[in-house]
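Enquirer: Dropping a structure here in structure tokens format, bear with me for questions.
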Amino acid sequence: VSTSDSIDAYFRPGTGIETLLQTGHFTYQAGTEQAFAERARYTPADQILLLTGAPRVLDTGMATTARTIRLNRATGDGFAEGGVKTTYSDLKAQPNGALLASSDPIHVTAQTMTAHNSPSTAIYKGNARLWQDANMVEAPTIQFQKDQRIVIADSNAEQKVSTSLTSTDKSGKSTAVHVTSDHLT
């Protein structure tokens, strides 16, 4: 279901609707997924919904913004480009966990993001940065699996993986650890 201030439909002779353009306060909802933007372009042939004008996508404890966002309705995949910012919330604390174990939100920024629903995985590329509280990972590429809270980061010729962790002992003393590597899992 989508709504907007206006809608323009472009038809191809003999085949029906080629493109739908919706402008002004665009909203979209499919199951738990919601999207908002100033403009949306939908092409039925490939089932791609392209969002521009401050697009934002929300889905079960996740919010993403970017310059442009493409949603593939056939596969459920999402693609974000330009100033990507994602926040994962509604997390349960993992008392026996380490990195990313608290219930605090996890934030990720990058130039691009490709997300898949099954399993719930997102790949962030281009100056990717993931953090929760004082713990942070920076790398050219970061893959994040939300449900298992798995982080896989890889370096390239220009940039290593940089990890900064802070732990607090029982007396309240904090210790910072910095690790530089080619790969982090």
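Enquirer: Between a first residue in segment 152-178 that is within 16 Å of E138 (Cα to Cα) and a second residue that is in a loop (DSSP other than H, G, I, E, B), which pairs have beta carbons less than 7 Å apart while being 6 or more apart in sequence or on different chains?
Expert: That search, which allows pairs on different chains as well, returns I152/T185; S155/D182; K160/D182; V161/S155; V161/D182; L165/L99; T166/A134.
Enquirer: Among the residues of segment 94-115 satisfying the criterion of being out of contact with any strand residue (DSSP E or B) (no Cβ under 9 Å at 6 or more places or on another chain) and either closer than 16 Å to V151 by Cβ or modelled with pLDDT of 85 or more (or both), which is least open to solvent (accessible area, probe 1.4 Å)?
Expert: Top of the filtered list is G97.
Enquirer: For the subset of segment 5-33 comprising residues that are open to solvent by 80 Å² or more (accessible area, probe 1.4 Å), of a type outside the set (K, R) and free of Cβ contacts under 8 Å to residues at least 12 places away in the same chain, which member is farthest from G53 (Cα to Cα)?
Expert: This residue is G14.
For every residue, the table says whether it meets (1) polar (S, T, N, Q); (2) open to solvent by less than 40 Å² (accessible area, probe 1.4 Å); (3) at positive phi; (4) at pLDDT below 95.
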position: T65; (1), (2), (3), (4): yes, no, no, no
position: I69; (1), (2), (3), (4): no, yes, no, no
position: D77; (1), (2), (3), (4): no, yes, no, yes
position: G82; (1), (2), (3), (4): no, yes, yes, no
position: T86; (1), (2), (3), (4): yes, yes, no, no
position: N117; (1), (2), (3), (4): yes, no, no, yes
position: T121; (1), (2), (3), (4): yes, yes, no, yes
position: E138; (1), (2), (3), (4): no, no, no, no
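Enquirer: Given (1) in contact with a Phe, Trp or Tyr (Cβ under 8 Å, 6 or more places away or on another chain); (2) exposed (fewer than 15 other Cβ atoms within 10 Å of the Cβ), identify the lone condition not met by L49.
Expert: (2)
The values are calculated or read from the model by the stated rules, or taken from the named source; none is laboratory data. All of these numbers come straight from a predicted model, not from anything done at the bench. Virtual Cβ from ideal backbone geometry, glycine too; neighbours counted across all protein chains shown. Accessible surface is based on the protein model in full, side chains and every heavy atom, while ligands, DNA and RNA are left aside. Shrake-Rupley method; radii C 1.70, N 1.55, O 1.52, S 1.80 Å.
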